[in-house]
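K.L.:
Once you've had a glance at the structure underneath, I'll fire off some questions.
The values are calculated or read from the model by the stated rules, or taken from the named source; none is laboratory data. This one's a predicted model, so the numbers in the text were calculated from it and none came from an experiment. Note that each Cβ is placed from the backbone with ideal geometry, even for glycine, and that neighbours are counted across all protein chains shown.
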């Protein structure tokens, strides 16, 4: 059996570090979250959070100005969640973000919600489909953690 030192070190990307801090913070608000959530369109959302009343929050993590300016898909996410947020670090120029969206300042350990964007409740059928997709995504991630040698990409 190989020891843990034989495994390559995985260095998280800046957006993944922000997502971790946001996920930790949202747990304090009784939200659970999944990273890199793929929508039916194939677009990948950085973080999707599920609240205690079934609300879905979409969070896009941006590591800097260039990362934000190169993102041409964020408005597409609005129709797949009840609220939309940007998660950025404390050095990010927040004045370039649309004021009608939510804003979270984060690091790898915690976050703070500075602005909650407007609610746009999902239609019932879309909410049901998103909840099922969220559950499958979370279950597949848990399965992969239990059985890392199994290729789950065909099912997720």
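K.L.:
Just to be sure, is residue 111 within 19 Å of residue 12 (Cβ to Cβ), touching a residue at least 60 places away in the same chain (Cβ under 8 Å) and buried (at least 18 other Cβ atoms within 10 Å of the Cβ)? Give the steps one after another, and end with the answer.
P.N.:
Working: within 19 Å of residue 12 (Cβ to Cβ): yes; touching a residue at least 60 places away in the same chain (Cβ under 8 Å): yes; buried (at least 18 other Cβ atoms within 10 Å of the Cβ): yes.
Answer is yes for this residue.
K.L.:
Residue by residue through the range 116-156, note down the ones that are in a loop (DSSP other than H, G, I, E, B), at pLDDT 85 or above, farther than 17 Å from residue 52 by Cα and out of contact with any strand residue (DSSP E or B) (no Cβ under 8 Å at 6 or more places or on another chain).
P.N.:
123, 147
K.L.:
Go through (1) touching a residue at least 60 places away in the same chain (Cβ under 8 Å); (2) in contact with a strand residue (DSSP E or B) (Cβ under 6 Å, 6 or more places away or on another chain) and name the single condition residue 74 misses.
P.N.:
Result: residue 74 passes all but (1).
K.L.:
Select from the range 27-46 the residues that are free of Cβ contacts under 8 Å to residues at least 40 places away in the same chain and surrounded by 14 or more Cβ atoms within 10 Å (Cβ to Cβ) and write down the one among them that is farthest from residue 78 (Cα to Cα).
P.N.:
The qualifying residue farthest from residue 78 (Cα to Cα) is 31.
K.L.:
Follow-up question, since we're still on this one. Which condition number does residue 49 fail, the rest of (1) surrounded by 14 or more Cβ atoms within 10 Å (Cβ to Cβ); (2) on the phi > 0 side of the Ramachandran plot being met?
P.N.:
The number of the failed condition is (2).
K.L.:
Kindly indicate whether residue 56 is surrounded by 18 or more Cβ atoms within 10 Å (Cβ to Cβ), closer than 19 Å to residue 33 by Cβ and more than 17 Å from the chain's Cα centre (by Cα). Before you say what the answer is, go through the steps one by one.
P.N.:
Working: surrounded by 18 or more Cβ atoms within 10 Å (Cβ to Cβ): yes; closer than 19 Å to residue 33 by Cβ: yes; more than 17 Å from the chain's Cα centre (by Cα): no.
Judged against the criteria, residue 56 is not a match.
K.L.:
Among the residues of the range 79-106, which ones are exposed (fewer than 15 other Cβ atoms within 10 Å of the Cβ) and either within 18 Å of the chain's Cα centre (by Cα) or closer than 16 Å to residue 49 by Cβ (or both)?
P.N.:
Across the range 79-106, the qualifying residue is only 79.
K.L.:
Can you name every one of the strands (runs of 3 or more DSSP E) wholly within the range 6-73 that holds 2 or more residues which are within 22 Å of residue 93 (Cβ to Cβ), modelled with pLDDT of 90 or more and in contact with a helix residue (DSSP H, G or I) (Cβ under 7 Å, 6 or more places away or on another chain)? Outline the logic, then answer.
P.N.:
Details: elements: 32-38, 44-50, 56-61.
Once the strands (runs of 3 or more DSSP E) in the range 6-73 are filtered for at least 2 residues that are within 22 Å of residue 93 (Cβ to Cβ), modelled with pLDDT of 90 or more and in contact with a helix residue (DSSP H, G or I) (Cβ under 7 Å, 6 or more places away or on another chain), what remains is 44-50, 56-61.
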